[in-house]
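First the structure, in the form of structure tokens, and then the observations on it.
The values are calculated or read from the model by the stated rules, or taken from the named source; none is laboratory data. Predicted model, so just to flag it, every value in this text is computed and none were measured. FYI the Cβ positions are ideal-geometry reconstructions off the backbone, even for glycines, and counts take in every protein chain you see. What goes into the accessible areas is simple: the full protein's heavy atoms, side chains included, and nothing from ligands, DNA or RNA. Shrake-Rupley method; radii C 1.70, N 1.55, O 1.52, S 1.80 Å.
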Amino acid sequence: MTGLTRSGVAGFLTRVEAAAPRADDRAPGGVDDVLADLSGLGLAPGEAVVLCLANGGELLRVLLAALLLGLVPLAVPPSTPWQRLRALAGHLGAGTVVTTRPTGDGPRTPVGGAFAVPTGHPPTPYRPGEILLSTSGTSGMFSACVHRVPALLHNARLHAGATGITASDTLLVNLPLYYSYALVAQALAAYATGARLVLDGPPFSPAGYRAAVTAHGVTHSSLTPTLARRLLAAPGLVPRGPRALAVGGDRLAPAEVAALLAARPSGELYLTYGLTEAGPRVSTLAAHAEPPHRHGSVGRPLPGVRASLRDVRDGVGELLVESDTVLLRRVGQRSGRVLLGPRTLATGDAFSIDDGYLTFHGRLSDFVVLRGEKVSLNTVRQAAHAIPGVVRCLPEVVTEDGGQVLDVHLWVTDALRGGERAVRRLLNSQLLPAERPRAVFLSPADPETFRK
């Protein structure tokens, strides 16, 4: 049904450890007690469960146990406000949230080191063996991708083969497990290959990264371009220890690729491209084995993945991906069509293709990277428009000190009370920390505008 087995999950969890355990951390432990706790909730196979847990072994344990029982989990950031959790559960049809966060009054049932809280929403039936993953950031806060777990395991094996992950490796995970890159390309890749897994962060620091690599004998690590740039800004802290370093997310410039190769002259460097909707990894470039003129590329498609372009202008077009691992469908609010046909996905990303090598030119979607996190401007608009009296929202991305920050301009009616401070409080109750604006500017709305 899922490609996971109880014995396989139990063995995998014995290979998971925290890089720097805190006093309040719960060791991952076995899976049997979580299976018993989840079974006691009386949920039917195919019911969705939202997991709002810290990035660590407990999240993995609850997620894998839920899948073994035929439940359909969705992991979300642990900082997600309860109001947003309940709204998300309503859009996706999840009757239960598993969390350690305060949720106000209501029944709580222990589940491992957390507790289950009913959302009050009727469950939407999914199929056992399915899983929900947060979208790549282009569809707002209340949508998710439906995937089959065996397809994700297949993608994990493809990625492991492309980046050389084996049972003898120790993988360091310092990216959030509630995103597909870390969950599939690292955690499920470790499950599929028998590798050891070390969980760390966020937050990320070059010194902490080097310490974790050294202390745990890490041989394989994955970073986003933002984190890679932070390492390059502190060249003395770039560890040479990992045999392989993979970078996925936004594009690395060829000069940055050259700098990473120079900092680790005997190491392997893999540049990867993917998105949650694709399941998630699409292509890989072994940069250490390619000539410099290829370092602006994200490589060739993985085995069984077909890439093509549409609406090509001057050699650049929207990338289409055909693969056995693309999403089944998107669900929730504004879950627009992204499948062009069976197993064929429109990525919304601009690419060129040269001799089979894919080169990324930018995103066509309404999406930015703030504080190293993917942020949907549509999510910010949705949160602002939920405030009574706000009739228009214009997010503005501003460059400051070499990075990007977000300002929000709002046009409001007389019905809005409390001014900028009240609006900021209401926005923050809906937004994750990375989504929250630096500044909020209020202007009176034209009456003829807000009456339309």
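Some observations on this one:
- Residue pairs whose Cβ atoms lie under 6 Å apart, separated by 6 or more positions or on different chains, with the first residue in segment 426-446 and in contact (Cβ under 8 Å) with a residue 12 or more places away in the chain and more than 16 Å from Leu377 (Cα to Cα) and the second among the hydrophobic types (A, V, I, L, M, F, W, C) and open to solvent by 60 Å² or more (accessible area, probe 1.4 Å), are Ser443/Trp411; Ala445/Trp411.
- Members of segment 385-402 found to be surrounded by 13 or more Cβ atoms within 10 Å (Cβ to Cβ) and among the small types (Gly, Ala, Ser), listed by number: Ala386, Gly389
- Residues that are more than 15 Å from Leu59 (Cα to Cα) and charged (D, E, K, R), drawn from segment 91-122: Asp105, Arg108
- Test: residue in segment 362-379 that is over 24 Å from the mean Cα position of the chain (by Cα) and open to solvent by less than 60 Å² (accessible area, probe 1.4 Å): no
- Pairs where the first residue, in segment 90-101, is closer than 15 Å to Leu71 by Cβ and the second is in a strand (DSSP E or B) and of a type in the set (Gly, Ala, Ser), C-beta under 7 Å, 6+ apart: Leu92/Ala48; Leu92/Ala144; Leu92/Gly332; Gly93/Ala48; Ala94/Ala48; Thr96/Ala116; Val98/Ala114; Val98/Ala116
- In segment 50-71, the residues that are among the charged types (D, E, K, R) reach residues that are open to solvent by less than 10 Å² (accessible area, probe 1.4 Å) and part of a helix (DSSP H, G or I) with C-beta atoms within less than 8 angstrom, at least six apart or across chains, in these pairs: Arg61/Leu13; Arg61/Val34.
- Only a single item in (1) in contact (Cβ under 8 Å) with a residue 40 or more places away in the chain; (2) touching a helix residue (DSSP H, G or I) at 6+ places or on another chain (Cβ under 7 Å) is not met by His121, and it is number (1).
- Where strands (runs of 3 or more DSSP E) fall entirely within segment 57-170, those with at least 1 residues that are out of contact with any strand residue (DSSP E or B) (no Cβ under 7 Å at 6 or more places or on another chain) and surrounded by fewer than 22 Cβ atoms within 10 Å (Cβ to Cβ) are at 109-111.
- Helices (runs of 4 or more DSSP H) within segment 348-452 that include 1 or more residues closer than 30 Å to Gly296 by Cα and either in contact with a Lys or Arg (Cβ under 6 Å, 6 or more places away or on another chain) or not acidic (Asp, Glu) (or both): 377-385
- Residues that are more than 21 Å from the chain's Cα centre (by Cα) and not acidic (Asp, Glu), drawn from segment 306-335: Arg306, Ala307, Ser308, Leu309, Arg310, Val312, Arg313, Gly315, Val316, Gly317
- Evaluated against (1) within 24 Å of Ala144 (Cα to Cα); (2) open to solvent by 10 Å² or more (accessible area, probe 1.4 Å), Arg230 falls short on exactly one condition, (1).
- Flag if Gly46 is touching a Gly at 6+ places or on another chain (Cβ under 9 Å) and in a loop (DSSP other than H, G, I, E, B): yes
- Enumeration of residues in segment 300-342 that are open to solvent by 60 Å² or more (accessible area, probe 1.4 Å), within 23 Å of Gly129 (Cα to Cα), at pLDDT 95 or above and among the charged types (D, E, K, R): Asp324
- Residue check, Leu51 crowded, with 17+ Cβ neighbours inside 10 Å, modelled with pLDDT of 95 or more, part of a helix (DSSP H, G or I) and under 24 Å from the mean Cα position of the chain (by Cα): no
- Scanning segment 285-299 for residues that are surrounded by fewer than 24 Cβ atoms within 10 Å (Cβ to Cβ) and at pLDDT 95 or above turns up Ala286, His288, Ala289, Glu290, Pro291, Pro292, His293, Arg294, His295, Gly299.
- Tally, over segment 293-322, of residues that are in a loop (DSSP other than H, G, I, E, B) and over 17 Å from Ala160 (Cα atoms): 5
- Answer from Ala144, Ala215, Ala192, Ala156 - the residue that is in contact (Cβ under 8 Å) with a residue 12 or more places away in the chain and under 14 Å from the mean Cα position of the chain (by Cα): Ala144
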